[in-house]
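For reference, the structure is listed below as structure tokens.
The values are calculated or read from the model by the stated rules, or taken from the named source; none is laboratory data. Computed from a prediction, not measured in an experiment: that's the story for all the values here. Every residue, glycine among them, receives a Cβ derived from its backbone with ideal geometry; neighbour counts consider all protein chains shown. All accessible areas refer to the heavy atoms of the entire protein, side chains included, with ligands and DNA or RNA removed. Shrake-Rupley method; radii C 1.70, N 1.55, O 1.52, S 1.80 Å.
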Amino acid sequence: MHMRRTGAVLSIAALAAGLAACGGGGETYATVADKITGGGTVVVGTKWDQPSLGLKMGNEPEGFDVDVAKAVLKEVNGGKDVKIEWKESASSNREPFLQNGTVDIIFATYSITEERKGKVTFGGPYVVAHQDIMVRKDDASINTPQDLKGKKICKASGSNSYKRITDPPPDGELDIDATTVDAANYSECVQKLTGSNLDAVTTDDLILAGFAKQAGGNFKVLGQGFTDEKYGIGLKKGDTKTCEAVNKAVAALWSNGTMKTLLDKWFGGIQGLNVSTQAPAAEGCA
């Protein structure tokens, strides 16, 4: 009897801890979807250093991912605005932030990969980007990914993009002998490229396009996309209810034209950039 009672107490405690992870304002919620519809303040993780995607401006970030987050949460909440607290979520801390409850949900150029699926439940994708290469405008020596052989490329902390260049499949893509230079994030990568400490920055074309636009013509994106980067909505592992809710929201936003409007707002007219024109297929919420 004592052992059964102890087990019951532990089970109740574990359940309470899980609910507390979605708490806020004195309320507790079983899932993030319940928190959204229950009027709680939702903690949303985004990048704060990526122009046109998630860039801290004043008290809040702005960009495509930020606008998508607002639109998805509003759609889940039946068209009503949701109270949001923004939290910077760099590539290196996205999984820990979801696991320890620092954030409820993440919209942060978060590519869905098989490795990450072991730690995160992904909604979406809401858009598909493609890994590309950005170089200085006057550099005529790099015109294709294969030209990166022997060149210095950036290795941003927590990002897998450099592996697509340097490693063979299945983790990599091109298996090119390039030298990697460490950086804390992609804004530091761009600084190093400006200072000629790098030959190229390679990551998703939407990220590169934002930096190229901000730099006012000092860089060029090659338009040589060679992967499909499915941007997912990060959730704590196992939150399938919220995953299903955000997938319905994403489908609705593509259907009613909101996603196209947001893509045009942030990336329209950028040379060499081919943005998504159709809704990507949902990955499923397993």
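Of all residues in the range 177-191, those satisfying the criterion of being surrounded by fewer than 24 Cβ atoms within 10 Å (Cβ to Cβ), out of contact with any Ser or Thr (no Cβ under 6 Å at 6 or more places or on another chain) and free of Cβ contacts under 8 Å to residues at least 60 places away in the same chain are D177, T179, T180, V181, D182, A183, E188, Q191.
Scanning the range 68-83 for residues that are in contact with a helix residue (DSSP H, G or I) (Cβ under 8 Å, 6 or more places away or on another chain) and buried (at least 18 other Cβ atoms within 10 Å of the Cβ) yields V68, A71, V72, L73, E75, V76, N77, V82.
Confirm whether L208 is outside any helix (DSSP H, G or I) and open to solvent by less than 20 Å² (accessible area, probe 1.4 Å).
So L208 does not fit the description; no.
Against the test of being modelled with pLDDT of 95 or more and open to solvent by less than 30 Å² (accessible area, probe 1.4 Å), the options S91, S111, S52 yield a single qualifying residue, S52. From the list K213, K230, the lone residue that is in contact with a strand residue (DSSP E or B) (Cβ under 6 Å, 6 or more places away or on another chain), of a type outside the set (S, T, Y) and within 27 Å of I165 (Cα to Cα) is K230. All of D199, D175, D264 fail the test of being within 19 Å of V66 (Cβ to Cβ) and acidic (D, E), apart from D264.
Just one of (1) farther than 23 Å from A71 by Cβ; (2) open to solvent by 70 Å² or more (accessible area, probe 1.4 Å); (3) modelled with pLDDT of 95 or more fails for N256. It is (1). Scoring L273 on the criteria (1) outside any loop (DSSP other than H, G, I, E, B); (2) under 18 Å from G54 (Cβ atoms); (3) touching an Asp or Glu at 6+ places or on another chain (Cβ under 8 Å) leaves a single failure, condition (1).
Put simply, of T194, T203 the only residue that is open to solvent by less than 20 Å² (accessible area, probe 1.4 Å), β-branched (V, I, T) and under 24 Å from S141 (Cβ atoms) is T203.
Once the range 218-244 is narrowed to residues that are open to solvent by less than 30 Å² (accessible area, probe 1.4 Å) and not in a strand (DSSP E or B), the residue that is modelled with the lowest pLDDT is T227. You will find that of G232, G223, G216, the residue that is more than 23 Å from K47 (Cα to Cα) and either touching a Cys at 6+ places or on another chain (Cβ under 6 Å) or not basic (K, R) (or both) is G223 and no other.
Within the range 179-197, restricting attention to residues that are part of a helix (DSSP H, G or I) and in contact with a Phe, Trp or Tyr (Cβ under 9 Å, 6 or more places away or on another chain), which residue is nearest to S92 (Cα to Cα)? This residue is Y186.
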